[in-house]
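A.B. asks: Dropping the structure in here first, questions after.
The values are calculated or read from the model by the stated rules, or taken from the named source; none is laboratory data. Predicted, not measured: the structure shown is a model, and the values here were computed from it. Please note: Cβ atoms are built from the backbone with ideal geometry, for glycine as well, and neighbour counts cover all protein chains shown. When the accessible area is computed, the model is the full protein with side chains, heavy atoms only, and any ligands, DNA or RNA have been set aside. Shrake-Rupley method; radii C 1.70, N 1.55, O 1.52, S 1.80 Å.
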Protein chains: 2
Amino acid sequence: MMKVIELHASATASNDLDAAALREELKDRGILLINLMSSPGSGKTTLLSRLIRDFQGKLRIAVLEADIASKVDAETIASLGAVSQQVHTDGMCHMDAGMTEEGLRHMDLDGIDVVFLENVGNLICPAEFDTGAHKNLMLLSIPEGDDKPLKYPLMFQKSDALALTKTDALPYFPFDIEKATERAKHLNPDVSIFPVSAKTGDGMRDLEDWILESLRELRHA
Amino acid sequence: MMKVIELHASATASNDLDAAALREELKDRGILLINLMSSPGSGKTTLLSRLIRDFQGKLRIAVLEADIASKVDAETIASLGAVSQQVHTDGMCHMDAGMTEEGLRHMDLDGIDVVFLENVGNLICPAEFDTGAHKNLMLLSIPEGDDKPLKYPLMFQKSDALALTKTDALPYFPFDIEKATERAKHLNPDVSIFPVSAKTGDGMRDLEDWILESLRELRHA
């Protein structure tokens, strides 16, 4: 029986200080924290499921699932044999650093290499709060359209990497990868962009290399 | 040159009172206000474009476009010859009644039958605020997945109708219409559900009948 942790807004005055402290603590333990952000239904859980399978025996992954309601995502992750914890955000559309820290406190992270925080599905609020993650990975799915950087600029600016997901659906939707790339790079010249299909595996290797490189960077900095 | 109105949170104490007043005022003018809510990229603007074309010569439509940034949606609507106004929400992920009223004040609604408020793309915050609309129409697109009622229950509860959009993509995504219908009806037994494709026109007639019936209801109540 999967237990759900009910979170509330953090009481501390400075989210940025909390975030810096959590980032440092995890770094000391050699654990990379990646904050996953996207619209609802962009394929966060499907991408994570693929990563868990692809990294089997190579990388120990844990997932903190944040939602308003339900525990379906944490159950999906747990069924793959990975450590997972569901938290509810008390109706809030984001996670802050204190909430992330509290969620992680309920997880056994001994021997874990990478923790993914699957943030609430939302292109606005999550971008406004530093969660304490070492990297922000944003997902934009092909069916959503290549105009999203124009409408939700902050999240593109805050992301270290952008995965363009569901590329297997490219034949059916008018999504221009070049245009999306140009718009994202205009907002954030340093963002790494990975067109991927978790379904076919297309492009996954490059994204996985970025994750491995981020972990190496963390442990040798 | 399309002008953008920059809105700020309403100063009045009671959003519910503002909403009731706006709803009544529009009713007196015989104008139906429909609040469109969905995730980013669910096809709100594409659906509106189809409705404007289908209702050409039959119904005079205006669109109030709410976004964090850009004016691409209002320009798309204007290019179809419909009255449209873009508003920005000062970073907020919802519209309230005061903001809606202010946006509408900038539009020439003489002779208009139906105004659509295209709310900010978000499955959480918009559901928490009464905009003064007579009807709430939610969109859930096939690529997003049939689990969304489990994760974002409030918006399904607040909606009078639910359009399941992009049904032309059903062959490519594991979306179970029956399961989605059952989950939505479990949260909201009275919700009307319309599977539609704005691309092929499939199912549009039933949704259009619901709009016409809502207008008749408003004018004869």
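A.B. asks: Filtering the range B:162-195 down to residues that are on the phi < 0 side of the Ramachandran plot and in contact (Cβ under 8 Å) with a residue 60 or more places away in the chain, which residue is surrounded by the fewest Cβ atoms within 10 Å (Cβ to Cβ)?
C.D. replies: B:THR165
A.B. asks: Moving on. Any chance the range B:189-200 includes a residue that's within 18 Å of B:LYS44 (Cβ to Cβ), in a helix (DSSP H, G or I) and within 14 Å of chain A (Cβ to nearest Cβ)?
C.D. replies: No, the range B:189-200 contains no residue that is within 18 Å of B:LYS44 (Cβ to Cβ), in a helix (DSSP H, G or I) and within 14 Å of chain A (Cβ to nearest Cβ).
A.B. asks: Follow-up question, since we're still on this one. Let me spell it out: the conditions are (1) within 14 Å of another protein chain (Cβ to nearest Cβ); (2) among the charged types (D, E, K, R); (3) in a helix (DSSP H, G or I), and B:ASP146 meets all of them except one. Which number is the exception?
C.D. replies: Unmet condition: (3).
A.B. asks: Please determine, by comparing only the residues of the range A:100-141 that are farther than 30 Å from A:GLY57 by Cα and either of a type in the set (Phe, Trp, Tyr) or more than 14 Å from chain B (Cβ to nearest Cβ) (or both), which one is most open to solvent (accessible area, probe 1.4 Å).
C.D. replies: A:PHE129
A.B. asks: Can you name the residue in the range B:84-98 that is among the small types (Gly, Ala, Ser) and outside any strand (DSSP E or B) and, of all such residues, is least open to solvent (accessible area, probe 1.4 Å)?
C.D. replies: Ranking the candidates gives B:ALA97 first.
A.B. asks: Another one. Hey, could you check the range B:35-83 for residues that are surrounded by fewer than 21 Cβ atoms within 10 Å (Cβ to Cβ) and either on the phi > 0 side of the Ramachandran plot or assigned to a strand (DSSP E or B) (or both) and say which is nearest to the other protein chains (Cβ to nearest Cβ)?
C.D. replies: Ranking the candidates gives B:SER70 first.
A.B. asks: Test A:THR181 against the criterion of being more than 30 Å from A:SER14 (Cα to Cα), within 14 Å of chain B (Cβ to nearest Cβ) and polar (S, T, N, Q), and give yes or no. Don't jump to the end; show me each part of the working.
C.D. replies: On the way: more than 30 Å from A:SER14 (Cα to Cα): yes; within 14 Å of chain B (Cβ to nearest Cβ): no; polar (S, T, N, Q): yes.
Criteria not met by A:THR181.
A.B. asks: Applying the selection to the range A:19-34, what residues are touching a residue at least 60 places away in the same chain (Cβ under 8 Å) and open to solvent by 40 Å² or more (accessible area, probe 1.4 Å)?
C.D. replies: Residues of the range A:19-34 touching a residue at least 60 places away in the same chain (Cβ under 8 Å): A:19-23, A:26-27, A:29-34.
Result: A:ALA20, A:ALA21, A:ARG23, A:LYS27, A:ARG29.
A.B. asks: Which residues, taken from the range A:4-18, are outside any helix (DSSP H, G or I) and in contact (Cβ under 8 Å) with a residue 60 or more places away in the chain?
C.D. replies: Let us first name the residues in the range A:4-18 that are outside any helix (DSSP H, G or I), namely A:4-14.
Result: A:VAL4, A:ILE5, A:GLU6, A:LEU7, A:HIS8, A:ALA9, A:SER10, A:ALA11, A:THR12.
A.B. asks: Based on what the data block shows, is A:PHE116 assigned to a helix (DSSP H, G or I) and touching a helix residue (DSSP H, G or I) at 6+ places or on another chain (Cβ under 8 Å)? Steps first, answer last, please.
C.D. replies: Working: assigned to a helix (DSSP H, G or I): no; touching a helix residue (DSSP H, G or I) at 6+ places or on another chain (Cβ under 8 Å): yes.
Here the answer is no, as A:PHE116 does not meet what is asked.
A.B. asks: Here is a follow-up. Checking the conditions here, which among B:SER84, B:SER39, B:SER70 is more than 25 Å from B:VAL196 (Cβ to Cβ) and in contact with a strand residue (DSSP E or B) (Cβ under 9 Å, 6 or more places away or on another chain)? It would help to see each step written out before you state the result.
C.D. replies: Details: B:SER84 fails: more than 25 Å from B:VAL196 (Cβ to Cβ); B:SER39 fails: more than 25 Å from B:VAL196 (Cβ to Cβ).
Going through B:SER84, B:SER39, B:SER70 in turn, just one is more than 25 Å from B:VAL196 (Cβ to Cβ) and in contact with a strand residue (DSSP E or B) (Cβ under 9 Å, 6 or more places away or on another chain): B:SER70.
A.B. asks: Still on this model: Mind telling me which of the residues A:LYS158, A:LYS166 ends up being within 13 Å of chain B (Cβ to nearest Cβ) and basic (Lys, Arg)?
C.D. replies: It is A:LYS166.
A.B. asks: Further question on the same structure: Using the structure shown, decide if B:SER49 is among the hydroxyl-bearing types (Ser, Thr, Tyr) and under 30 Å from B:ASP202 (Cβ atoms).
C.D. replies: When the stated conditions are applied, B:SER49 passes them.
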